[in-house]
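See below for the structure under consideration.
The values are calculated or read from the model by the stated rules, or taken from the named source; none is laboratory data. These numbers were taken from a predicted model, which means no experiment stands behind them. Counting neighbours? That spans all protein chains shown, and the Cβs are built from the backbone with ideal geometry, glycine included.
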Amino acid sequence: MLKPESYACGQWIAPGADAQTIIGPVSAQPIAQAGGAALDFGAMLDWARAHGGPALRAMTFHQRAKMLKALAGYLDARKEELYAINPLTGATRRDGWVDIDGGIGTMFLFAAKGRREMPDGHVYIDGEVEQLGRKGGFLGQHIAVPLQGAAVHINAFNFPVWGMLEKLAPALLAGVPCIVKPATQTCYLTEACFRMIIESGLLPDGAVQLVIGRTGDLLDRLGAQDAVAFTGSADTALLLRGNQNLLRHSVRFTSEQDSLNAAILGPDADAGGPEFDLFVTEAVTEITTKAGQKCTAMRRLIVPQARLDDVAQALSARLAEVTVGDPADAAMRMGALASHAARDDVLDRLARLKAEARVLCGDTAPDLPGAFLNPTLLTCDDPDAASAVHEIEAFGPVATLLPCRDTAHAAQLANASGGSLVASLFTKDAGVARDVTLASAAHHGRLYIMNRTAAPEATGHGSPLPHMIHGGPGRAGGGEELGGIRGVLHYMQRTAIQGSPDMLSAITETWIKGSAEVTGPDHPFQRTFREIAIGETIHTPARTVTLEDIEHFARFTGDTFYAHMDDEAARANPFFPGRVAHGYLLLSFAAGLFVQPDPGPVLANTGLNALSFQKPVSPGDSIAVRLTCKRKTARTDSYGEVAWNATLTNQEGAQVAEYELLTMVAYDRA
Ligand code: NDP
């Protein structure tokens with residue numbers, strides 16, 4: 001008998017006298033006892049706020065990203081221990097791959113994005129500097145900083161590992177400690193993974209805690225610096241988001257709840273064609289993976305009336321081949337539902353769907369004691385008059401075919417479920433894709449547009465990807481998770497900082513135009529990553545640009561555009577006073593002016609951002625460069641990226657060009 005334990009204030013706490021017995025969905029026998037322990041939720045929150053939060057916030061985004069990478073690697077090395085438990089939940093190994101490898105992959109992805117897209121500092125810069133005063137002395141900058149409370153994660157039964165890791169990764173990267181509450185039915189698998197996290201020793205004390213069983217007065221104790229992320233039923237979401245304490249303190253509440261996702265077969269997809277086959281294959285996957293217990297699973301299959309019979313036949317034939325039984329048996333394609341109660345619930349909802357739709361296949365169960373149900377396909381003749389097919393989610397291997405008249409009707413039916421997590425469209429016609437997107441995007445968190453080009457690399461309708469937002473409007477909960485760094489920002493406060501350039505520079509650890517320039521002891525290209533200071537600046541001497549320079553550059557590069565070579569044609573152009581220097585010539589001269597040629601810590605020039613040419617440079621004009629260290633970002637163990645602001649001015653001091661130059665610079669001298 002498994003006895004999953006809670007983890008509170010650094011201690012493991014065994015199930016209490018009132019522990020709930022969990023019946024295995026495969027064996028129909030008791031497999032675990034969970035919950036029932038008296039947890040002190042006030043002490044848990046104090047522990048998170050006093051230990052986990054400060055320790056996490058003391059780290060930079062990059063340090064937290066490295067911590068996540070190490071943790072994902074640790075879990076990856078031990079994942080077979082999780083696969084060994086996985087069949088107890090009713091899931092096959094393939095289902096487990098989505099849950100276990102999917103969760104670990106999500107953590108890896110956030111680790112990589114954290115290092116690539118966030119600064120190696122404590123403040124996340126959101127957008128550009130806004131000039132609020134006329135002379136540039138009063139500026140504005142949006143920043144984001146971690147919330148100073150705790151994140152409470154309430155997860156669903158269907159993805160015991162992914163459900164935990166996909167919420168932990170962005171919250172920990174943000175710098176917020178977490179209290180995880182898994183669904184009781186599958187909590188022993190979550191606990192096994194959570195135990196590994198603690199055993200890894202990679203997270204600071206208080207960064208994560210685990211609640212097995214009820215949450216008691218936890219939500220009543222949350223405040224303005226805390227956040228709740230919930231996945232589960234719409235009814236529970238409604239109950240929890242209505243908690244008076246959460247409302248009183250405006251506690252952030254993100255919800256992922258049931259969603260009647262649609263898949264549309266395009267009018268151009270002929271039977272037997274690639275898009276038709278993709279539609280059928282993906283529908284089978286969606287109906288059978290995790291026995292259909294996926295928040296993103298296709299529930300409504302919207303098909304042109306003329307293709308309905310073809311799809312019904314192809315799908316019924318494929319579903320009839322699906323083997324259903326013990327998920328530990330590799331020959332079984334589909335396992336059990338998560339519990340007998342879950343199956344009863346699906347059967348109850350199926351009965352209500354059958355009032356509007358006919359059964360084409362399934363609606364039967366193998367003769368086994370477990371909570372099994374064969375894949376079931378329904379068809380609804382009049383989806384405009386129907387309501388249950390758009391409202392009742394049978395959270396199992398069940399989908400309904402809905403005939404449509406045309407693309408507009410298909411979009412209308414897809415939108416009829418009041419908001420969903422994902423809708424997909426199978427078409428090779430870009431016009432159809434655009435029409436459906438414009439008609440439908442507002443109703444769905446994600447649109448998955450599939451054709452023969454995307455298919456070889458596609459990850460599937462039902463796979464929320466950590467790069468892309470997961471969530472949807474209305475019935476789907478109105479929330480967003482994941483979405484790359486957007487998901488991290490859900491655990492941070494966006495604040496508008498207003499002040500002088502020096503203040504903004506100090507806060508953001510970024511040189512902002514107008515803030516003080518620093519003069520270093522040496523040329524900045526001779527300074528190591530560690531030595532160079534934000535704001536360190538050089539001003540180069542000027543160089544005159546001659547007509548001979550321009551002609552030489554034109555001949556040398558082959559760029560003989562008329563504005564550089566033909567005075568009359570150039571004068572006819574409203575942008576130019578006559579022949580002008582090539583912009584790329586100016587960039588090359590600029591490099592010639594600011595570069596220090598000797599071997600030194602600068603390893604490579606890796607790019608250039610936000611280049612703009614603001615004023616033409618005529619023969620006889622001279623240019624000078626101001627080069628300023630704008631930002632430093634650690635990249636590897638031996639070097640980091642230094643971003644420089646390069647501003648070119650002419651003999652009158654007018655700015656002619658500006659860009660951000662990126663270089664890789666060694667931490668130490670060779
Ligand atoms: P529930 O809403 O019952 O449970 C979801 C989570 O909330 C579980 O961790 C549960 O814990 C917890 N919970 C329930 N009541 C409370 C409470 N009063 N206070 C604090 N926590 C609470 O959903 P189920 O897991 O039973 O799934 C039911 C339905 O939810 C499915 O049929 C499906 O429609 C939908 N669903 C949607 C998902 C999605 O991702 N959008 C995923 C999974 C389900 P405990 O288990 O201990 O009760």
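Scanning the stretch 122-151 for residues that are in contact with a strand residue (DSSP E or B) (Cβ under 9 Å, 6 or more places away or on another chain) and assigned to a loop (DSSP other than H, G, I, E, B) yields His122, Val123, Leu132, Gly133, Phe138, Leu147, Gln148, Gly149, Ala150.
Once the stretch 300-338 is narrowed to residues that are assigned to a strand (DSSP E or B) and more than 17 Å from Asp363 (Cα to Cα), the residue that is farthest from the ligand (Cβ to nearest atom) is Pro304.
When you check Asn415 against the structure, is it touching a strand residue (DSSP E or B) at 6+ places or on another chain (Cβ under 7 Å) and either part of a loop (DSSP other than H, G, I, E, B) or in contact (Cβ under 8 Å) with a residue 12 or more places away in the chain (or both), yes or no? Spelling it out, it is not the case that Asn415 is touching a strand residue (DSSP E or B) at 6+ places or on another chain (Cβ under 7 Å) and either part of a loop (DSSP other than H, G, I, E, B) or in contact (Cβ under 8 Å) with a residue 12 or more places away in the chain (or both). Within the stretch 218-231, restricting attention to residues that are within 24 Å of Ala38 (Cβ to Cβ) and in a loop (DSSP other than H, G, I, E, B), the residue that is farthest from the ligand (Cβ to nearest atom) is Gly223. Residue by residue through the stretch 195-215, note down the ones that are in contact with an Asp or Glu (Cβ under 9 Å, 6 or more places away or on another chain) and within 13 Å of the ligand (Cβ to nearest atom). Within the stretch 195-215, Leu210, Ile212, Gly213 qualify.
Within the stretch 235-266, the set of residues being closer than 30 Å to Thr407 by Cα and either part of a strand (DSSP E or B) or not polar (S, T, N, Q) (or both) comprises Glu256, Asp258, Leu260, Asn261, Ala262, Ala263, Ile264, Leu265, Gly266. Report yes if Leu165 is under 21 Å from Asp101 (Cβ atoms), more than 10 Å from the ligand (Cβ to nearest atom) and part of a loop (DSSP other than H, G, I, E, B), otherwise no. So Leu165 fails the test.
Within the option set Ser618, Ser612, being of a type in the set (Ser, Thr, Tyr), assigned to a strand (DSSP E or B) and in contact (Cβ under 8 Å) with a residue 24 or more places away in the chain holds for one residue only, Ser612. When Val488 is tested against (1) under 15 Å from Met107 (Cα atoms); (2) part of a loop (DSSP other than H, G, I, E, B), only condition (2) is not met. When Pro369 is tested against (1) in contact with an Asp or Glu (Cβ under 9 Å, 6 or more places away or on another chain); (2) assigned to a loop (DSSP other than H, G, I, E, B); (3) surrounded by fewer than 19 Cβ atoms within 10 Å (Cβ to Cβ), exactly one condition is not met: (1).
Residues that are in contact (Cβ under 8 Å) with a residue 24 or more places away in the chain number at least 3 in the following strands (runs of 3 or more DSSP E) confined to the stretch 1-108: 6-8, 20-23, 30-34.
One line per residue, one yes/no per condition, for (1) within 16 Å of the ligand (Cβ to nearest atom); (2) surrounded by 24 or more Cβ atoms within 10 Å (Cβ to Cβ):
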site: Thr407; (1), (2): no, no
site: Ala423; (1), (2): yes, yes
site: Arg434; (1), (2): no, no
site: Leu438; (1), (2): no, no
site: Ala455; (1), (2): no, no
site: Ala458; (1), (2): no, no
site: Glu480; (1), (2): yes, no
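Output the qualifying pairs, or none if there are none: Cβ atoms under 7 angstrom, residues six or more apart or on different chains, first residue in the stretch 172-199 and in the same structural domain as Tyr74 (by TED's automatic domain parsing) and farther than 23 Å from Gln20 by Cβ, second residue assigned to a helix (DSSP H, G or I) and within 13 Å of the ligand (Cβ to nearest atom). Once the first residue is in the same structural domain as Tyr74 (by TED's automatic domain parsing) and farther than 23 Å from Gln20 by Cβ and sits in the stretch 172-199, no partner that is assigned to a helix (DSSP H, G or I) and within 13 Å of the ligand (Cβ to nearest atom) comes close enough. What are the residues in the stretch 232-254 that are at pLDDT 95 or above and either more than 12 Å from the ligand (Cβ to nearest atom) or touching a helix residue (DSSP H, G or I) at 6+ places or on another chain (Cβ under 7 Å) (or both), if any? Of everything in the stretch 232-254, those that are at pLDDT 95 or above and either more than 12 Å from the ligand (Cβ to nearest atom) or touching a helix residue (DSSP H, G or I) at 6+ places or on another chain (Cβ under 7 Å) (or both) turn out to be Leu240, Asn243, Gln244, Asn245, Leu246, Leu247, Arg248, His249, Ser250, Val251, Arg252, Phe253. The set of residues from the stretch 174-194 being assigned to a helix (DSSP H, G or I), more than 10 Å from the ligand (Cβ to nearest atom) and in contact with a Phe, Trp or Tyr (Cβ under 8 Å, 6 or more places away or on another chain) comprises Ala174, Phe194. Read through the list (1) of a type outside the set (Lys, Arg); (2) closer than 25 Å to Arg252 by Cα; (3) not in a helix (DSSP H, G or I), then give the number of the only condition that Thr453 fails. Of everything listed in (1) of a type outside the set (Lys, Arg); (2) closer than 25 Å to Arg252 by Cα; (3) not in a helix (DSSP H, G or I), Thr453 misses just condition (2). Applying the criterion of being crowded, with 17+ Cβ neighbours inside 10 Å and in contact with a helix residue (DSSP H, G or I) (Cβ under 9 Å, 6 or more places away or on another chain) to the residues of the stretch 24-43, the residue that is nearest to Leu203 (Cα to Cα) is Phe41.
Quick grid of which residues meet (1) touching a strand residue (DSSP E or B) at 6+ places or on another chain (Cβ under 7 Å); (2) modelled with pLDDT under 95; (3) not polar (S, T, N, Q):
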residue: Phe575; (1), (2), (3): no, yes, yes
residue: Gly578; (1), (2), (3): no, no, yes
residue: Ala581; (1), (2), (3): no, no, yes
residue: Leu585; (1), (2), (3): no, no, yes
residue: Ala591; (1), (2), (3): no, no, yes
residue: Gln596; (1), (2), (3): no, yes, no
residue: Pro601; (1), (2), (3): yes, no, yes
residue: Leu608; (1), (2), (3): yes, no, yes
residue: Phe613; (1), (2), (3): yes, no, yes
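Taken over the stretch 464-477, residues that are buried (at least 19 other Cβ atoms within 10 Å of the Cβ) and within 13 Å of the ligand (Cβ to nearest atom) amount to 7.
Using the structure shown, decide if Ala341 is modelled with pLDDT of 95 or more, of a type in the set (A, V, I, L, M, F, W, C) and either away from the ligand (no atom under 16 Å from the Cβ) or closer than 28 Å to Gly232 by Cβ (or both). No, not satisfied.
The requirement of being on the phi > 0 side of the Ramachandran plot, within 16 Å of the ligand (Cβ to nearest atom), at pLDDT 95 or above and not assigned by TED's automatic domain parsing to the domain that holds Ala171 is not satisfied by Gly445.
Just one of the listed residues (Gly640, Gly653, Gly607) is farther than 25 Å from Pro541 by Cβ and either surrounded by fewer than 17 Cβ atoms within 10 Å (Cβ to Cβ) or β-branched (Val, Ile, Thr) (or both), namely Gly607.
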